[in-house]
Structures are given as structure tokens and as C-alpha cells.
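A.B. asks: The structure under discussion is supplied below as C-alpha cells; questions concerning it will follow.
Read-outs: derived from the displayed coordinates by stated rules, not from any lab. Model, not experiment: these values are computed from the prediction. Positions of Cβ are backbone-derived with ideal geometry, glycine not excepted, and every protein chain shown enters the neighbour counts.
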Amino acid sequence: MNSTFFEWTAEQRDSYFTAIDAVLKKGMAAKEVVCSITTGFRSIPSIRTAPGLNPYHATVADIGYGFDAARGTIKRLRQGESISLAKEMLVFDLDTLRISEKQIRPNFELVENWAQPDTSYLIELSKELNGQIAEIINEAIRLGQAILGPEWEIIRTRIQNIQAIPRL
Amino acid sequence: MPSSQSMIMNADEQDRLMEWWNKTEEAKIVVQRLMSLITELRVHPESSHADGMVLFYRAASEISYGYAGMRGCIRRSFTSEYSEPLRKNIVMCHSFAHKYSVDAKILLERVAKHVTEPNGLQLINRIRDALMENDAMLNEIAKKANAFFGKETFQSIQTKVNQSITLPSIG
């Protein structure tokens, strides 16, 4: 049976979307700057081939994707599109952000070892912004869990099959 | 912050960079919709495990990353960080989005071979259209980049970017 938003009132649905979208929106600038710094690392001789840079880059891209996808889904729903797997999509993107958030620090610690003094400000800025991004991800998930209640965990269990597909 | 490399942008350049930024604002809607459709394809029972899906997702995430990086670079360009390395950085981000858009189109067709059921086919078609909208956006953004850098400078930075990821010739 498809999980839908049909059992909710329009107001409930809207407050859910507004709250989560507002939280993710707060993180957009941070993720944009982190992506730009990560690309810049590809031009810095001491870091460009550092162990850890590829998985760090992939994690940063995963996070960027997750923010965009979740916001895109919310926009589609708000425009009245009926998406039968909407809840699965949102829980999947938000819960995958949780996994990426756990990966970002250890991956970045590997990269950091190769930084020279002239790049330390980029390293420090990345760390600070990654911290902000982590808080925003956790806040979005808390909201999702609060609004979906026990259904969050049921859906999360279902989407684990897809999460288990390797993402490199 | 490496102040020795800092460059100053004149008012004209600032205007043209703002136009570039405004175009990425328009692109955001296209990119977010594209990524949402791709999540739908990833959770769709018929396509979630299809051949090519992992790499298709990877390419999609790099498109999102390229756009985000471009916007991050523009944000930083309006600070004292504006410099030659940052100019190269923004061109790299644009080329990332472009390069992985090509890969995404190829990989989507590989994934599409698995899909036979009408809902899945309709979704594939919507992603094809969204990827075309994304191409149109990247073209419009390239025009803004041309206007900002000047065509020759833009091409010369693009050449440097390509050289930096190519095996150098001997001698």
C-alpha cells in the first residue's frame, strides 16, 4: 500500500513543508561555500591528490544533492503534484543526509593532514560550515520525526533497502 | 586570507557578476526539481536497483555540487577573497556541472533500458525533460560567464582548467 499525505489536513501538510523547507534553506549558503572550497582544493598542490579528498568531495556532493532533492520534493508537493512515494522520498533524503553528516568529519580529517599554512583559513572555514550544516541536518530530521511520529521509523525501515545500495 | 593575491572588481564587473548570480537563482528551481525527480526514480521499485543507477546518482549529485560550488564562489568573489585562484575555481565548478550533465544523460538512458511499466517510463521522460532544462540553464550561465570574464579570458581559464586535469606532454 502506498503511503500518502491524504490522511492529513491541508494545514498540517503545509506546516510540515514550511518548517522543513525553512530549515534546509538556512543551510544553502553554507553548503554552497563548502562545495566551492572543495573544488578549490583540486588546484592546491599539497591537497589536490590528498587521501580522503575524493570521499570528502563525494560526501559534500551527497549533502548538496540531499538539500536540493528534499527542497525540490517539497516544492512539487506544494504545487499540488500528487507523488505516491512522497513520504518515502523525504525520509530517504533526510535520513541519508544523517549518514553523510556522520561521514563528513572523518573524511575531512584525512584531507586536513595535507594542508599547508596558506590554506588553513579554507580548512577552518570548511570545518565551521560543516558544523553548521550538521546542525541544520539534525534540525530537519527532528522536525520530520516530530511531524511524522512513529511513521518516520516505519518508513525509514522500508527505505533502508535503497540506502543499502552502494553510493561509492 | 591570502591578501597578496586579492583582486579588485570594478563596478561594471560587479554588475555582470550579479547577473551571473541572478541566473543561478533561476537555475536553483530547475536543479531542485531535477534532483527530486531523481530521488523519485531511486525509490521507484522498478528502477532503484537498475544497472547504471549508482553512477547515474553519482553524476546527478555532481551536477548539484557544481551549481552549489558556482554560487559559493560568487558569494566569495564579493569579499576580499576575490583573486585569480577564485576565478579559476568558479570556472571549474561550472565545468563540473556541465561535464556531469553529459554523463547523467548517458547514464539515464542505460537506466531507462530496465524500465517498462508506464509510471516508470513517465518518470524517465520527466527526467529527460528536466535534464534538457538543465542544459539550457548551463548555456545561459555560460553566456553570463562570457560577459563577466570576456570571451577570451573565459576560454583561457577553461583551457587552464582542462590542462590541470590532463597528463602533461613530455619535454
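A.B. asks: Hey, what number do you get for the protein assembly as shown at 222 nm if only DSSP H runs of n ≥ 4 count, each worth -39500 (n - 2.57), divided across all residues, to the nearest 500?
C.D. replies: Using -39500 (n - 2.57) per qualifying helix, the result is -27000 deg cm²/dmol.
A.B. asks: Just to confirm a number: summing +1 for Lys and Arg and -1 for Asp and Glu over residues other than A:K127 whose beta-carbon lies under 10 angstrom from that of A:K127, what do you get? Walk me through the intermediate numbers first.
C.D. replies: Working: positive: A:R105; negative: A:E109, A:E112, A:E124, A:E128.
Surrounding charge for A:K127 is -3.
A.B. asks: Mind giving me the nanometre distance, one decimal, between the label points for A:K102 and B:R110, set 7 Å out from Cα along Cα→Cβ?
C.D. replies: Output for this residue pair reads 2.9 nm.
A.B. asks: Output the 0 to 90 degree angle, nearest 10, between the alpha-carbon long axis of helix A:150-163 and the longest principal axis computed from the alpha carbons of chain A.
C.D. replies: Roughly 50 degrees between the two axes.
A.B. asks: If you don't mind, another one. Give, rounded to the nearest 20 debye, the magnitude of the charge dipole that the stretch B:12-163 has about its Cα centre when Lys and Arg contribute +1 at Cβ and Asp and Glu contribute -1 at Cβ.
C.D. replies: Details: 21 positive and 20 negative charges, 53 e Å.
With Lys and Arg at +1 and Asp and Glu at -1, about 260 debye.
A.B. asks: Let me ask something else about it. Enter the angle in degrees (range 0 to 90, nearest 10) between the Cα long axis of helix B:53-77 and the first principal axis of the Cα atoms of chain B, meaning the one along which they spread out most.
C.D. replies: Tilt relative to chain B: about 20 degrees.
A.B. asks: Relative contact order, percent, of chain B when contacts are C-alpha pairs under 8 Å separated by at least 6 residues?
C.D. replies: Result for chain B is 34 percent.
A.B. asks: Work out from phi, with θ = phi - 60° and the Karplus expression 6.51 cos²θ - 1.76 cosθ + 1.60, the ³J(HN,Hα) of each residue of the stretch B:122-129, listed in order in whole Hz, and give x for Gly and Pro.
C.D. replies: Residue by residue, the stretch B:122-129 yields 5, 5, 4, 4, 5, 5, 4, 4 Hz.
A.B. asks: Could you size up the charge dipole of the stretch A:10-161 around its Cα centre, putting +1 on the beta carbon of Lys and Arg and -1 on that of Asp and Glu, and report it in debye to the nearest 20?
C.D. replies: In total the dipole reaches around 240 debye.
A.B. asks: Give me the percent of Cα-Cα pairs in chain B that sit more than 27 Å apart, rounded to a whole number. Each step should come with its number before you reach the end.
C.D. replies: Numbers: 5105 of 14535 pairs.
Summing the P(r) tail past 27 Å for chain B gives 35 percent.
A.B. asks: Which order, highest average first, do B:96-106, B:152-162 follow once you tally other Cβ atoms within 10 Å for each residue and take the mean per peptide? The partial results should precede the final answer.
C.D. replies: Working: B:96-106: 18.1, B:152-162: 14.5.
So the order, starting with the most tightly packed, is B:96-106, B:152-162.
A.B. asks: Right, another one. With +1 assigned to the C-beta of every Lys and Arg and -1 to the C-beta of every Asp and Glu, and no other charges, what is the dipole magnitude of the protein assembly as shown about the Cα centre in debye, to the nearest 20?
C.D. replies: Details: 40 positive and 41 negative charges, 91 e Å.
Computed charge dipole of the protein assembly as shown: roughly 440 debye.
A.B. asks: Given the C-alpha atoms of the stretch A:10-161, compute the convex hull and give its volume per residue in Å³.
C.D. replies: On the way: hull volume 15.9 nm³, N = 152.
Hull volume normalised by residue count: 104 Å³.
A.B. asks: Compute the signed sum of charges (Lys and Arg +1, Asp and Glu -1) over the other residues within less than 9 Å, Cβ to Cβ, of B:M137.
C.D. replies: -3
A.B. asks: What's the angle, to the nearest 10 degrees (0 to 90), between helix A:120-148's Cα axis and the longest principal axis of chain A?
C.D. replies: Relative to chain A, helix A:120-148 is tipped by roughly 10 degrees.
A.B. asks: What are the residues whose amide H is under 5 Å from the amide H of B:S83, where those residues sit 5 or more places off or on another chain and H is modelled from the backbone?
C.D. replies: B:M7
A.B. asks: Among B:G52, B:Y82, B:A97, which residue has its Cα furthest toward the positive end of the charge dipole of the stretch B:12-163, with +1 on Lys/Arg Cβ and -1 on Asp/Glu Cβ?
C.D. replies: Of B:G52, B:Y82, B:A97, it is B:Y82.
A.B. asks: Quantify how strongly other chains surround peptide B:53-60 by giving the mean number of their Cβ atoms within 10 Å of each of its Cβ atoms. Spell out each step's value before the answer.
C.D. replies: Working: counts 2, 4, 1, 0, 5, 6, 0, 4.
The shielding value for this peptide is 3.
A.B. asks: Then there is this: Quick one: give the max-minus-min coordinate of the C-alpha atoms of the protein assembly as shown along each principal axis, largest first, in Å.
C.D. replies: For the protein assembly as shown, the Cα extents along the three principal axes come out at 63, 41, 37 Å.
A.B. asks: Tell me the net charge near B:N22. Cut-off is 14 Å between Cβ atoms, B:N22 excluded, with +1 for each Lys or Arg and -1 for each Asp or Glu. Display every interim value, and only then the final one.
C.D. replies: Working: positive: B:R16, B:K23, B:K28, B:R71, B:R75, B:K143, B:K144; negative: B:D15, B:E19, B:E25, B:E26, B:E140.
Residues near B:N22 contribute +2 overall.
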